[in-house]
1. Quick check on my filter: what residues within the range 241-255 are within 15 Å of Val205 (Cα to Cα) and open to solvent by 40 Å² or more (accessible area, probe 1.4 Å)?
2. Going through Ser221, Ser231 one at a time, which residue ends up being hydroxyl-bearing (Ser, Thr, Tyr) and open to solvent by 20 Å² or more (accessible area, probe 1.4 Å)?
3. Criterion first (at pLDDT 95 or above, more than 13 Å from Thr203 (Cα to Cα) and crowded, with 20+ Cβ neighbours inside 10 Å) does Ile238 satisfy it?
4. From the list Ser283, Ser339, which one is open to solvent by less than 60 Å² (accessible area, probe 1.4 Å) and either more than 18 Å from Val226 (Cβ to Cβ) or of a type in the set (Val, Ile, Thr) (or both)?
5. Considering Tyr157, Tyr170, Tyr206, which residue is of a type outside the set (D, E, K, R), open to solvent by 90 Å² or more (accessible area, probe 1.4 Å) and at pLDDT 90 or above?
6. Being open to solvent by 10 Å² or more (accessible area, probe 1.4 Å), over 16 Å from Val226 (Cβ atoms) and not hydroxyl-bearing (Ser, Thr, Tyr) is the filter here; which residues of the range 308-326 pass it?
7. Does Val109 satisfy the criteria of being within 29 Å of Gln182 (Cβ to Cβ) and either part of a helix (DSSP H, G or I) or open to solvent by 60 Å² or more (accessible area, probe 1.4 Å) (or both)?
Amino acid sequence: MTTTVQAEAVQFKDRKTFRALSNCLVLAAWFGAMYFADYAFGFPKAKALDASLALIYLAASPLVTLKLSDTWKKIFGFVVIANLILMSSIPLFYIQLGLTVHVALLRHVVSLLFCILLGPYFLQPKGLSFFFVLFYNALCFYIPLMKHGELDMNLAYIVIVYSFTLLFSYFFMDILRLHVTQISLLIKAQREAQRKAIEDPVTGVYNRNYLDNLIKALVESDAEKVVLFISLDEHDKIVENHGYIVADAYIKKVAKMMEEKIRSKDVLARYGGVEFMVVLDNSSVSLGKTVAKRILEGLKAIMPEYSKASVGITKIIPGITYQAVMVNADTALFRAKNSVFEEISIVDPENPSFDPIHIEGILEEKDQDITLKEPQKEVDG
């Protein structure tokens, strides 16, 4: 699930970057088109302004693709808002720019559309700040109109188009806010479902479903990894003497302790009620035994009177099957549980020391080549 969520996050980030780049290029194209229109119809001051804005947006295009810190993102957001206000202010100076009121107000309709498209990226839809941007945009439209005083047919059509575009933007923002909220809830629910599908609800570590898929993937890729199968042998005594609440708290502390004893690249999963599995990012059985001893020592610091545990160690090697890995791990754990002298037992498929054992009726698939090996006994000096 972690890989899936990360892929979705990267894809979403890429789409967001693409949209930001597209917006800059569209704005550059718009002011570039206005530059040529100003040149054709003889608006020199407006031409200079439009040329400057077109170049600014074109130069800003590669900048929006950069990875920015949170502080710079806020600064960039303020720059965009200031830019929207600047674009909205052009009709207020239509006389100084040498534009006719018709041209200035017609251009302003497109400025409103840019506010609608760009605003929600940096302002909350239907929020006070976004309402201020739209309100200011409307003032910059109606103030020149009132100053002009005359309303001809062309101007009347422009007023109708702008007014309904402004009205539409209100409902558009309401719909957008609703959809954004729904999509956010769906994404959150999806991530929660994915998390629950691979997470043990009591300890928060990976569950058996994730573990099975991981081991199958490692087997298919011919990886070499060491697997530890750990059983808390005295958990039932905790239940008998202290109850289930204390027993669950003990399980949680054990899981946390195991996470501290392994490396970040290793994987810890709860296999069953009192069983855990650790998949080490290493192929050394001796390292596996070292980690196992470290975990057994850690148990003594939690509840010393219930610290007895057993550890079975095996390996994932190229050519082995998933079923063989699980049977080897289970056999190693079984031998550790029934050993008087050792809490750790090893079934190493690479180092046979006695004839294979045939186990019937434990596999769903037939004709599986399962080789179980004699555990390597190590007696500390």
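The values are calculated or read from the model by the stated rules, or taken from the named source; none is laboratory data. A quick note: this is a predicted structure, and the numbers were derived from the prediction, not measured. Backbone-built Cβ (ideal geometry, glycine too); neighbour counts: all protein chains shown. All accessible areas refer to the heavy atoms of the entire protein, side chains included, with ligands and DNA or RNA removed. Shrake-Rupley method; radii C 1.70, N 1.55, O 1.52, S 1.80 Å.
1. Hits for the range 241-255 are Asp248, Ala249, Lys252, Lys253.
2. That would be Ser221, the only listed residue that is hydroxyl-bearing (Ser, Thr, Tyr) and open to solvent by 20 Å² or more (accessible area, probe 1.4 Å).
3. no
4. Step by step, each of Ser283, Ser339 is checked, and only Ser339 is open to solvent by less than 60 Å² (accessible area, probe 1.4 Å) and either more than 18 Å from Val226 (Cβ to Cβ) or of a type in the set (Val, Ile, Thr) (or both).
5. Matching residue, one of Tyr157, Tyr170, Tyr206: Tyr157.
6. Answer for the range 308-326, where residues must be open to solvent by 10 Å² or more (accessible area, probe 1.4 Å), over 16 Å from Val226 (Cβ atoms) and not hydroxyl-bearing (Ser, Thr, Tyr): Lys308, Gly319, Gln323.
7. no
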